[in-house]
Amino acid sequence: MLPENIIYIVIFLSLFGHLSYIKSIIKGEAKPNLVSWFIWALAPLIGVFFQLKAGAGLVSLPIFMDGFLSLLIIITAILTKNGFWKFNAFDLYCGALALMALILYIFTHNLGISILFAILSDGLATMPTLVKSWKFPETEAVTVYLVAALSNAFGLLIIKNWTFSIYSFGLYFVLINLVIVFCIYRKKIFKQI
């Protein structure tokens, strides 16, 4: 277990990753899927509330940063001409299901089940970006996903009380971000093999 002060490095990493993504949007290199990023802004902010209710403390700070900085990415993408990926029916279905899971998350009175609905909501919201990253990896900037995996891994390393409601969201973020990184780099990886 690392000291809680490591969380400030996590905040810096998260800020760096998201700001690099914003820069990529402005340059026209990254085109975020707004369905994904909307849920990625909303779900973590709600998740932090439940984590704090469970006694998580500073462990929830990286997740708060992910939500808040995702909101900044949405704003940048909307304000930038051609700054976002055009969504399709699949994106809208995933977004609707993610919102339904998020509503269930909010109104479930069992903390563990609530966290599962939050993770389900985020996972459904991630599907459009996973598909886009797989098919069109050139429309994504990998730094934000690498940094999200790293910063949440650091968040996990300061946990004192390993209960599902405290570690689950951070662990999920590490894994899902690594999957997105793989989708972005898979063509380069398999060319070298």
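So the values come out like this:
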{"read-out": "Selection count, region 66-80, where residues are under 15 Å from VAL35 (Cβ atoms), of a type in the set (Val, Ile, Thr) and either touching a His at 6+ places or on another chain (Cβ under 8 Å) or free of Cβ contacts under 8 Å to residues at least 40 places away in the same chain (or both)", "value": "1"}
{"read-out": "Of all residues making up region 147-193, the number that are farther than 16 Å from THR129 by Cα, of a type in the set (A, V, I, L, M, F, W, C) and touching a Gly at 6+ places or on another chain (Cβ under 7 Å)", "value": "4"}
{"read-out": "Residues located in region 147-180, provided they are of a type in the set (Val, Ile, Thr) and in contact with a Leu (Cβ under 6 Å, 6 or more places away or on another chain)", "value": "VAL147, ILE158"}
{"read-out": "Number of positions in region 167-193 that are farther than 23 Å from ILE113 by Cα and either in a helix (DSSP H, G or I) or within 14 Å of the chain's Cα centre (by Cα) (or both)", "value": "15"}
{"read-out": "Meets criteria (in a helix (DSSP H, G or I), of a type outside the set (S, T, N, Q) and at pLDDT 80 or above) for TYR8", "value": "yes"}
{"read-out": "Evaluation of ALA149 against (1) in a helix (DSSP H, G or I); (2) at pLDDT 85 or above; (3) more than 27 Å from PHE117 (Cα to Cα) (one fails), failing number", "value": "(3)"}
{"read-out": "Filtered residues of region 55-65 (kept if in a helix (DSSP H, G or I) and surrounded by 21 or more Cβ atoms within 10 Å (Cβ to Cβ))", "value": "VAL59, SER60, LEU61, PRO62, ILE63, MET65"}
{"read-out": "Selection status of GLY83, part of a loop (DSSP other than H, G, I, E, B) and touching a residue at least 12 places away in the same chain (Cβ under 8 Å)", "value": "yes"}
{"read-out": "Residue ID - modelled with the highest pLDDT, chosen from residues in region 157-166 that are under 20 Å from the mean Cα position of the chain (by Cα) and in a loop (DSSP other than H, G, I, E, B)", "value": "LEU157"}
{"read-out": "Hey, LEU130 in contact with a helix residue (DSSP H, G or I) (Cβ under 7 Å, 6 or more places away or on another chain), in a helix (DSSP H, G or I) and either over 19 Å from ALA41 (Cα atoms) or not small (Gly, Ala, Ser) (or both) or not", "value": "yes"}
{"read-out": "Unmet criterion (only one of (1) at pLDDT 85 or above; (2) crowded, with 20+ Cβ neighbours inside 10 Å) for ILE103", "value": "(2)"}
{"read-out": "So PHE154, is it in contact with a strand residue (DSSP E or B) (Cβ under 8 Å, 6 or more places away or on another chain) and at pLDDT below 85", "value": "no"}
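Table: residues versus (1) out of contact with any Asp or Glu (no Cβ under 8 Å at 6 or more places or on another chain); (2) surrounded by 13 or more Cβ atoms within 10 Å (Cβ to Cβ); (3) over 15 Å from PHE169 (Cα atoms); (4) among the charged types (D, E, K, R).
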| position | (1), (2), (3), (4) |
| --- | --- |
| LYS27 | yes, no, yes, yes |
| ALA30 | no, yes, yes, no |
| TRP37 | yes, yes, yes, no |
| LYS53 | yes, no, no, yes |
| GLY67 | yes, yes, no, no |
| ALA77 | yes, yes, yes, no |
| TRP85 | yes, yes, yes, no |
| LEU92 | yes, no, yes, no |
| LEU99 | yes, yes, yes, no |
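The values are calculated or read from the model by the stated rules, or taken from the named source; none is laboratory data. Just so we're clear, the structure is a prediction, and the values are computed from it rather than from any experiment. Neighbour counts are summed over all protein chains in view; Cβ atoms, including those assigned to glycine, are modelled from backbone coordinates with ideal geometry.
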